[in-house]
Amino acid sequence: YPPERIRNFSIIAHVDHGKSTLADRLLELTGTIKRGHGQPQYLDKLQVERERGITVKAQTATMFHNSNEPQPFLLNLIDTPGHVDFSYEVSRSLAACQGALLVVDAAQGVQAQTVANFYLAFESNLTIIPVINKIDQPTADPDRIKDQLKSMFDLEPSDCLLTSAKTGQGLEHVLPAVIERIPPPPGEGSGLLRMLLLDSYYDEYKGVICHVAVVDGMLRKGDKISAAATGQTYDVLDVGFMHPELTQTGVLLTGQVGYVVTGMRSTKEARIGDTLFHAKTIVKPLPGFKAARHMVFSGLFPADGSDFEALNHAIERLTCNDASVSVTKESSTALGLGFRCGFLGLLHMDVFHQRLEQVTFHLSLSHLVAVLWYVLLDLLTMLEVQNPAALPSNSKQRVTASWEPTVLATIIIPSEYVGPVITLCSERRGQQLEYSFIDRRAFMKYRLPLREIVVDFYNELKSITSGYASFDYEDSEYQQADLVKLDILLNGQAVDAMATIVHSLKAQRMGRELVDKLKKFIDRQMFEIIIQAAIGSKVVARETISAMRKNVLAKCYGGDITRKRKLLEKQKEGKKRMKRVGSVDIPQEAFHQLLKVS
Ligand code: GTP
């Protein structure tokens, strides 16, 4: 296949606008998959993706388009994750394409992810083909959507394709447009091999399977290749197309997209965006490689310490296919042994938690969520803080400055909800950057601290807008902020698991909330318990639980020894599940209840 007869493209869309359905129809039209056979939505492989309707892992497929010409076209559909938590993966997938189908729902119009995805494709210099989908719906209004696309992205109304991936209407124009409008892949057929690593997954029988795009040169089975980021060298054991199942070809040429099996032992060796080249050759790595950056961390602790091994096993199984999660073991005085996992963003974390729940549904776990922030101590030491408990409490006096991650959020809402949304964003310390009205809808851009959207932002946004808000965000820079560590103390002793990092303006309110909650969960004991929230040595909230002797024998009269013994034993059992913080015994359940993230 000469590159002139190859087209590499992807489909980008807001969630639910029909990306997967359209991809399936294109695979059917080209005979790559049979209609009604196999799984619907071929490109969505993970169960959890199907449940949530979000494509998380990029999947890719090759199709042959039998046009009237003697030689068919080779079309590589490179699927991209549907959310910008994975914007790095999206940008790597787009780097292997020359064009993209921008799918927009004919009734809903441009939504937050349409905007984010458009700019990713635009910045990658891709030819964008606007596809207005779901034109079969009674509420479809393609002309209105054409106007939106023109005014927001300067896309010409005459360039828009109108389709229904459901009824099949208009689909016959899609692939011809791909062939006519999208340029063939550039690249040096006779040059030294350079391949872009797009994705990888672990297969029980074959080991690690890498998806690659050959940018220059040619790859054959039996070649020796090296990876630029890791410096490792491998033998190419198998190579071919995803059609969509693995189909051996023994060779991949310039501009082609396919799979490679090497002797990699774990997907951790396959860094997305890395450049693969022939061993012993000297090539310039392809631009844009970045190591995965973990922005959100979650502490995972089993309520029952004996479940630690089961949790360990489950986490190992899941990370085997998602190398972008980092895992370290952690021990907490209050919660016992557990793990700290790092994620690329919130959605990535949610998806991981959900998959973990599926395999550990019998375990009771608690999650603690934190974001990555930096503090400068004594003008000299820069600390990267993943876990608030790790920062020394007395450091307040020594913290010279601190920085927190922010996101750039796009919010699109019907205009009547503007007031409550502005209030919500300013409560969350948001800074408004842009504000405009198009077609009775408000488009807003905000810079928000990641910390402020970690818990419950999306749910609240949905509820104050009766579900109409569309929200998306991308990572942005760190900003300096007046952050403090808020400790929770029981009789003067800090509870490690409960330390949090908050903005100084919110510290008092947060301290009050935590102290009040904790008071509800701790039973009275034989001595007084003082619960405090403190920043360094300054107490910002305080409650007292007065002493009470919990006499389990109080209800027993006379000399019924066996009954007394039974009650005492029951009390002893209960004590075993207590966690001792300083001199205070706390039922572990209290922490788990308190720290549950809804
Ligand atoms: P992600 O995988 O989250 O990116 O979503 P998606 O964009 O792939 O959407 P998907 O293809 O899963 O479609 C979402 C819903 O819209 C499904 O229930 C589809 O059956 C439906 N749908 C897709 N295309 C059409 C269409 O042309 N007309 C109508 N009426 N429904 C459609």
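Here, each number is a calculation from the coordinates, and none is a lab measurement. In this text, all values refer to a predicted model and were calculated from it rather than measured experimentally. With ideal geometry, Cβ positions are generated from the backbone for all residues, glycine too; neighbour counts draw on all protein chains shown.
Remarks
- Descending semi-axes in Å of region 355-504, equivalent ellipsoid built from Cα gyration tensor: 33, 22, 13
- q = 0.15, 0.24, 0.25, 0.26 Å⁻¹: log10 I(q)/I(0) that the Debye formula gives for region 111-194, counting C-alpha atoms only: -0.66, -1.31, -1.37, -1.40
- Rounded to whole Å, sorted largest first: equivalent-ellipsoid semi-axes of region 185-267, Cα gyration tensor: 19, 15, 11
- Across LYS329/LYS462; LYS150/LYS462; LYS268/LYS506; LYS462/LYS506, pairs whose alpha-carbon gap is larger than 31 Å: LYS329/LYS462; LYS268/LYS506
- The charge dipole of region 189-241, taken about the Cα centre with unit charges on the Cβ atoms of Lys, Arg (+1) and Asp, Glu (-1), comes to about 200 debye, rounded to the nearest 20.
- C-alpha center-to-center spacing [region 128-186, region 219-284] in angstrom: 35 Å
- Ranked by the mean number of other Cβ atoms within 10 Å of their residues, highest first, the peptides 102-108, 380-386, 325-331, 261-267 come out as 102-108, 261-267, 325-331, 380-386.
- Derived scalar couplings between HN and Hα for region 424-436 equal 4, 5, 6, 4, 8, 6, x, 10, 6, 10, 8, 7, 8 Hz in order, rounded to whole Hz, by the Karplus curve 6.51 cos²θ - 1.76 cosθ + 1.60 (θ = phi - 60°), x for Gly and Pro.
- Only Lys, Arg, Asp and Glu carry charge here, each on its Cβ (+1 for the first two, -1 for the last two); on that basis region 460-515 has a dipole of about 380 debye about its Cα centre.
- Relative pair counts by distance (%), Cα atoms of region 173-215, 5 Å bins: 5, 17, 14, 14, 16, 16, 11, 5, 0
- Translational diffusion coefficient (Stokes-Einstein; Kirkwood radius from C-alpha pairs) of region 224-376 at 4 °C, 1.567 mPa s, in µm²/s: 71 µm²/s
- Measuring r between the beta carbons of GLU427 and LYS520 and using R0 = 25 Å, the FRET efficiency lands at 0.55.
- Under 5 Å, built H, 5+ apart or other chain: amide partners of LEU365: ALA303
- When only the Cβ of Lys, Arg, Asp and Glu is charged (+1, +1, -1, -1), the dipole of region 255-296 relative to its Cα centre reaches about 140 debye.
- For region 294-394: span of alpha carbons on each principal axis (Å, largest first): 47, 28, 17
- Pairwise FRET efficiency - MET510 versus SER326, Cβ, R0 = 25 Å, nearest 0.05: 0.40
- DSSP-loop chymotrypsin sites (Phe, Trp or Tyr not before Pro) across region 315-390, with at most 16 other Cβ within 10 angstrom: PHE361
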